[in-house]
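A short worksheet on the structure shown next.
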Amino acid sequence: MAVGYSRGSIVLAKLLLKDRRVKKAVLGGMGIDFTDYRWPRKIKFMNAFNGKVSEETQEAVDYAKSINADFRSLYLQQRFQPNTRKSHLAYIQAKVLVIAGNEDLDNGSPEKLHKAVPKSEFVIVEGDHNGTYKTKAFSEEVVSFLD
């Protein structure tokens, strides 16, 4: 079993194609857009963490500053983020729960991600990207799925 959220889901999607030992997995807080190698949002945030801040990325940069995050690390995480082609998601053999908040669509459609993964279930709970994983509903859905 494995659980990913946000970037963790991006990494986990790649792992599910490389390691068949994972039989159940949760892809949380992520939509289908990460499958685009030239995902504009990824590029915007990569640039922001390298000093080219935009209106869209200002809040994330401010938050990173508030927690004394390492901007070089954040830049490199964006730059070298794993890429999984949408067509490759069809080869995932694990049972997968795609779960996201009803206000968490900045990373594309989680429903389209669900449709691209053959043995997946799809759940929407209340919340935005930075709050969904902290809710009781999210935890209950994940635990129920993994049980």
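The values are calculated or read from the model by the stated rules, or taken from the named source; none is laboratory data. Remember, predicted model here, so these are calculated numbers, not experimental data. Glycine gets a Cβ as well: all are built from the backbone with ideal geometry, and neighbour counts include every protein chain shown. Surface accessibility is based on the protein's heavy atoms, side chains included, excluding ligands, DNA and RNA. Shrake-Rupley method; radii C 1.70, N 1.55, O 1.52, S 1.80 Å.
Grab the DSSP H runs of the chain that are 4 residues or longer, score each as -39,500 (n - 2.57), total them, divide by all residues and round the 222 nm result to the nearest 500 deg cm²/dmol. Numbers along the way, then the final one.
Numbers: 6 runs with 57 residues, N = 147.
-11000 deg cm²/dmol, from helical runs alone.
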So with the 1.4 Å probe, I'd like the accessible area per residue for the chain, rounded to whole Å². 59
Carbon/sulfur accessible area of the chain, % of total, 1.4 Å probe, equals 49
Per the rule of 0.36 nm per residue minus the C-alpha distance, extending Asn50 to Leu105 adds in nm 17.4 nm
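Write down, largest first, the equivalent ellipsoid semi-axes of segment 2-147 in whole Å, where each equals the square root of 5 times an eigenvalue of the alpha-carbon gyration tensor. Write out the running numbers ahead of the final one.
Working: eigenvalues 133, 64, 34 Å².
Result for segment 2-147: semi-axes of 26, 18, 13 Å.
Just need the relative contact order of segment 1-128 here, percent rounded to a whole number, with Cα pairs under 8 Å and 6+ apart.
31
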Measure out, as a whole number of angstrom, how far apart the alpha-carbon centroids of segment 55-71 and segment 104-126 sit. 27
Which lysines does Lys112 reach when only Cα atoms under 30 Å apart count, and residues fewer than 8 places away in its own chain are ignored? Lys14, Lys18, Lys23, Lys24, Lys42, Lys44, Lys86, Lys95, Lys134, Lys136
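Just reorder Ser120, Ser87, Ser73 by solvent-accessible area, largest first, 1.4 Å probe, all chains present.
Details: Ser120 20, Ser87 75, Ser73 45 Å².
Result of the area sort, largest leading: Ser87, Ser73, Ser120.
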At 7 Å along Cα-to-Cβ for each site, give me the label-to-label distance between Tyr37 and Ser73 in nm. 2.9
Magnitude of the Cβ-charge dipole of the chain, K/R +1 and D/E -1, about the Cα centre, nearest 20 debye? 980
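So which trypsin sites (Lys or Arg not before Pro) in segment 61-147 are both in a DSSP loop and have at most 14 other Cβ atoms within 10 Å of their Cβ?
On the way: sites: Lys65, Arg72, Arg79, Arg85, Lys86, Lys95, Lys112, Lys115, Lys119, Lys134, Lys136; in loops: Arg85, Lys119.
Sites meeting the loop and neighbour criteria: Arg85, Lys119.
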Compute the distance in nm between two label points, each set 7 Å from the Cα along the Cα-to-Cβ direction, one at Lys115 and one at Lys86. 0.9
